[in-house]
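Taking it in order: structure first as structure tokens, then the write-up.
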């Protein structure tokens, strides 16, 4: 359901949420290794997220990417939507073009409730919520 790009973006944003703030910025080259994503790729994703105010950035010698209080209020669905577009989460699991409720693929009915719950959770959970879970040990992220 998630593209690799969305997975990478989610990992990067959550890493930033746990490890950065307005006084502690992280450059893409320093983010690449801990989250295991190529530097050029993560830089491109973060630039796109920055353009949409999902992450913050500063240029210059003390620059880098970071998560501020406003960014922390961003729902996770916004990250996926910016990276993959609105339709990715609603696309057919078998990648059939004409799959819909009227003409469903074999997995359509199986995936429907799961997809609905996932989208609701992504709309409800914020970057800050996920960072709190990592910091409290409720979930983990390589730090």
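The values are calculated or read from the model by the stated rules, or taken from the named source; none is laboratory data. Quantities reported herein were computed from a predicted structural model and do not represent experimental measurements. Reconstructed Cβ throughout: ideal geometry from the backbone, glycine too, with neighbour counts over all protein chains shown.
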Report task. Could you run through the stretch 51-101 and say how many residues are surrounded by 15 or more Cβ atoms within 10 Å (Cβ to Cβ) and either out of contact with any strand residue (DSSP E or B) (no Cβ under 8 Å at 6 or more places or on another chain) or free of Cβ contacts under 8 Å to residues at least 24 places away in the same chain (or both)? Result -> 16
Query raised in the report: Within the stretch 18-44, which residues are in contact (Cβ under 8 Å) with a residue 40 or more places away in the chain and either surrounded by 14 or more Cβ atoms within 10 Å (Cβ to Cβ) or part of a helix (DSSP H, G or I) (or both)?
Result: 18, 19, 20, 21, 25, 26, 34, 35
Report summary line: Residue set 70, 109; condition modelled with pLDDT under 95 and out of contact with any helix residue (DSSP H, G or I) (no Cβ under 8 Å at 6 or more places or on another chain); output residue 109
Query raised in the report: Within the stretch 9-17, is there a residue that is assigned to a loop (DSSP other than H, G, I, E, B), surrounded by 20 or more Cβ atoms within 10 Å (Cβ to Cβ), modelled with pLDDT of 95 or more and touching a strand residue (DSSP E or B) at 6+ places or on another chain (Cβ under 7 Å)?
Result: no
Report task. Take the stretch 117-135 and flag every residue that is farther than 18 Å from residue 73 by Cα and surrounded by fewer than 12 Cβ atoms within 10 Å (Cβ to Cβ). Result -> 117
